[in-house]
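Remarks on the structure that follows.
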Amino acid sequence: MSVPGKKAFSTRSIHTGEPVDPTTQAVEPSLVLSTNFVFDPDAAGFSAETLDEKTPNVYARWSTPNERSLEEKLADLEDGEDALCFASGMGAISALILGTLRSGDHLVLSDVCYAGVAELARNTLPDFGIEVTTANFSDLDAVAAAIRPNTKLLWAETPCNPILRLTNIAAIAEIAHAAGAQFGVDSTMATPVATKPLALGADLVAHSLTKYLNGHGDALGGAVIGRKQAMAQLRQGALIHFGGALSPFNAWLIRRGLHTLELRMKAHEASARRVALYLESHPAIKRVIYPGLPSHPQYALAQRQMSNFSGMLTFQTKEDGAEVARRLYRKLQVFTYAVSLGKQRSLLFYIPTADILKSSFTLQGTALQSYRDFAGDGIFRVSIGLEAPEDLCADLDQALSQ
Ligand SMILES: Cc1ncc(COP(=O)(O)O)c(C=O)c1O
């Protein structure tokens, strides 16, 4: 994937933000664990209010060399002006929402999204005076109808966790901008290999770096990418004062994971397609949802908006899902029965609809309908890793049999 005037994605994923260390001549970046840095007294002060883009590293909650190097790479890969890293994906999203919205502002949120975000919106944001309306983001009229005069932010994932419903980024960005609001996209499941939300009109992109961007399941992290001024404001406020800074070691690991992102996403996609096709033809399976198959309800949008269909799929069984889940937990040998996604090992777990609804934002009652219409009742969420697809299919075959 290339952008005019820029080196190819894979080249940038390796080189951006990682010059040879001028003090040690080390080819790979050193890990800098120091929590504080010597600085010229004229270059920075004691208060975060003195911070600007020329401020050197002062204190590790403000910035570190490993964090800045990762931010430079993430901004480049998302074609954004700047990026800001946090200790986790939820750290990034909560800082962004609470750092962007004020009491009296209104958020329009996708009725299906990662449980942590749904719970934050339902349980915490109203306590801060932030109003929330949820809408089915695959229905443009429903999103437009949810807008109010005080709407400041629209927020969605694409594909969304866990049902893999897509959001038409360009169309929603138009609706947001016509209302004078910003549109933020959680692109964790797509990654910048598949989708570039900023190029499609979104104002902000968030990632759980814990997932595909790190890719190896050994570091929590989160990031927001957007305009320089917005990132500077977030650093000065939400990062420094809420304090959810990314550890240098995790920044170092995630940067290393990014070197192979494009290669890994191609492999995840190729295996996921094979497993999805295998499951579609399996007699025990009722339905498979994978954005790369024509059976996905938004296949046309997937083809337009995604240049990689990722390794995430869901399936529904003919037999009671809870019963099948117990069998899969006992019998699977290559898959691991566990939450999370986007790593080298294939993961699978069962989500009963009742559980999803406990964590969903059901005020407007569209979430249940969205789940049932889109994915069915009770789904297995699968993250296809980097094992050989024939081993994954054989593992499912032996575990699905009685
Ligand atoms: C789409 C999405 N966004 C955000 C998060 C939160 O990320 P983290 O676990 O790094 O806080 C997750 C976690 O599963 C997720 O799937």
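Take the chain with all the other protein chains still there, run a 1.4 Å probe, and you get 41 Å² of accessible area per residue. Find out how many positive minus negative residues lie around Y290, taking Lys and Arg as positive, Asp and Glu as negative, among other residues whose Cβ is under 13 Å from that of Y290. Taking every other residue near Y290 into account, the sum is +3.
The mean sequence distance of close C-alpha pairs (under 8 Å, at least 6 residues apart), as a share of the length of the stretch 95-170, puts its relative contact order at 38 percent. Need one word for the stretch 1-54: rounded, prolate or oblate. Basis is the Cα gyration tensor (sqrt eigenvalues a ≥ b ≥ c); a/c below 1.5 gives rounded, then a/b vs b/c decides. Oblate shape, in that a/c is at least 1.5 and b/c is the bigger or equal ratio.
Computed over the stretch 280-399, the percent of Cα pairs more than 24 Å apart is 29.
Relative contact order of the chain, taken over Cα pairs closer than 8 Å and 6 or more residues apart, is 18 percent. When peptides 370-379, 173-182 are ranked by their average number of other Cβ atoms within 10 Å per residue, the highest-first order is 370-379, 173-182. Pairs from the table (K73/K228; K211/K286; K211/K331; K196/K228) lying more than 19 angstrom apart at Cα are K211/K286; K211/K331. For Cα pairs less than 8 Å apart in space and 6+ apart in sequence, what is the mean separation divided by the residue count of the stretch 149-205, i.e. the relative contact order in percent? Reported relative contact order: 38 percent. Classification of the chain by its C-alpha gyration tensor yields an oblate form. The axis ratio a/c (a ≥ b ≥ c) is 1.5 or more, and b/c is at least a/b. Here the sum of -39500 (n - 2.57) over DSSP H runs of 4 or more residues, divided by the residues of the chain, equals -10000 deg cm²/dmol at 222 nm, to the nearest 500.
What is the gain in length, in nm to one decimal, between S401 and F37 on full extension, counting 0.36 nm per residue of separation less the C-alpha to C-alpha distance?
Working: separation 364, 0.36 × 364 = 131.04 nm, distance 5.96 nm.
Net length gain for the segment: 125.1 nm.
Applying 1/(1 + (r/R0)^6) with R0 = 22 Å to the Cβ-Cβ distance of H15 and S307 gives a FRET efficiency near 0.55.
The values are calculated or read from the model by the stated rules, or taken from the named source; none is laboratory data. In this text the structure is predicted, and so the values were computed from the model without any measurement. Quick reminder, even Gly has a Cβ in these numbers, built from the backbone with ideal geometry, and neighbours come from all protein chains shown. Heavy atoms of the whole protein, side chains included, go into the accessibility calculation; ligands, DNA and RNA do not. Shrake-Rupley method; radii C 1.70, N 1.55, O 1.52, S 1.80 Å.
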